[in-house]
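Reading through the structure tokens given below for one structure.
The values are calculated or read from the model by the stated rules, or taken from the named source; none is laboratory data. Note that the structure is predicted; figures quoted are calculated from it, not measured. Positions of Cβ are backbone-derived with ideal geometry, glycine not excepted, and every protein chain shown enters the neighbour counts.
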Amino acid sequence: MGIYDFLKRGVQELMIARPDEAKDYAIYKHPDPTIPRFSELTVDADEVAVFFKDGVVKGVLSPGRHSLKSENIPFLSDLMDTFTGGNVFLAELFFVSKRQFAGIKFGGRIGAVEDPKSGVPVETSVYGTFAIVVDDPVKLILGLVGMRHAENEAFFSWFKEQVLKVIRDHVAELAVKKKWPLLDVVSGAYTEEIEQVVIEGVVKHVEPYGVRIVRLGNFVLSIREEDSVRLKQLYTDAAYVRMAGGIDQFGQFAAGKAMMGAGEGMSQGGGGGEGGNAMLGGAALGVGLGMANMFGNPAKRAPAEPHVPAQPGTPPSTGGGTEKQPCGACGAHVSPGKFCAECGKPLAPAKRFCHGCGHKLEGTAKFCVECGTEVPK
């Protein structure tokens, strides 16, 4: 090593600060645990410097320029390396930003959430951004070093996991308890309520690390396009069925939907021009809804014709006032006449009965002797 390199290294060791490429880090660890005595430490206005050794935070320096010597910074005496005669401090030096970090992206799958309006489980995801701020740098160092997450990327990855975990736990619970239809949830109607619950819920997970989530931005809950189309169709069908009379049974719902399908087919098959189709479609839908209403409301069905029992002794009507009679020769039941249609033998005169009262008619009587009803010829 030449004298120039030696002098350059000495100047770098005496001037300690966060490098420009690490200005956007929430936490930056100085790479060298040996810090020369009398070094000049520069702490930016939006950060603090934390000295950490053997699992214990030894001291914190506020923004400004500090000359590292034990005479003016008492806690540095605990960091002196006796092997070097007290000319070197042994410590892990962390720079922790206290400014707000915004626009941190996150996202992932929530899982299957049951839509309270239809009862259908739907795959749900979430993505967006959030903003955080470090309230307690000491808690952050203790927590992250204990978790071996001192790197900046590891810190943000861990924080994103906490936010996503809280969203998974709370979105499904909110939708079910408050009966929020998922189509309303993904439309953004309840974004503010969900954001408030998420911010409150994530506190217990990150507060022990001295970090606070400030707000959520571009917070979006989403479902697959095919699930969105399916839910919209179910909502529409249910609305039509309610219009048909409040049908609430699945079988009745299916009957009403079938009738609406028939009406749609009728509307597409006839009519003169657009006006004719519209009129026929409206009439067909009215018929479908009316039939669905009848299926769902038995009390509104048309009453059946009352059954009138036949009077005793009245033979069943055959349309001509007489019934078939048995043949005395062959036993076949044939229409009245002079001869049997089966064997040709003469038939006995057929018995006749009054249509009005059922009284037996004698011979060739033209009127009933009991009620006066005329006998058909």
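A few notes on this one:
- Among residues of the range 89-115, those that are in contact with a helix residue (DSSP H, G or I) (Cβ under 6 Å, 6 or more places away or on another chain) and not aliphatic (A, V, I, L, M), counted: 5
- Number of the exception - Leu183 against (1) touching a helix residue (DSSP H, G or I) at 6+ places or on another chain (Cβ under 9 Å); (2) in a helix (DSSP H, G or I); (3) under 30 Å from Val50 (Cβ atoms); (4) hydrophobic (A, V, I, L, M, F, W, C): (3)
- Filtered by the rule that a residue be modelled with pLDDT of 85 or more and in contact with an Asp or Glu (Cβ under 9 Å, 6 or more places away or on another chain), the range 208-237 gives Tyr209, Gly210, Val211, Arg212, Ile223, Arg224, Asp227, Leu231.
- Residue check, Phe38 over 57 Å from the mean Cα position of the chain (by Cα) and of a type in the set (A, V, I, L, M, F, W, C): yes
- For the criterion of being surrounded by 14 or more Cβ atoms within 10 Å (Cβ to Cβ), touching a His at 6+ places or on another chain (Cβ under 9 Å) and farther than 30 Å from Ile213 by Cα, Ile35 fails.
- Against the numbered list (1) under 22 Å from Val134 (Cβ atoms); (2) out of contact with any His (no Cβ under 7 Å at 6 or more places or on another chain), Leu41 comes up short only at (2).
- Restricting Glu123, Glu71, Glu153, Glu92 to those that are closer than 21 Å to Ile194 by Cα and acidic (Asp, Glu) reduces the list to Glu123.
- Answer residue from the range 214-233, given it is crowded, with 16+ Cβ neighbours inside 10 Å and over 13 Å from the mean Cα position of the chain (by Cα) and is nearest to Ile132 (Cα to Cα) among those: Leu216
- Matching residues in the range 95-121 - criterion: being assigned to a strand (DSSP E or B) and over 30 Å from Ala238 (Cβ atoms): Phe95, Val96, Ser97, Phe101, Ala102, Gly103, Ile104, Lys105, Phe106, Gly107, Gly108
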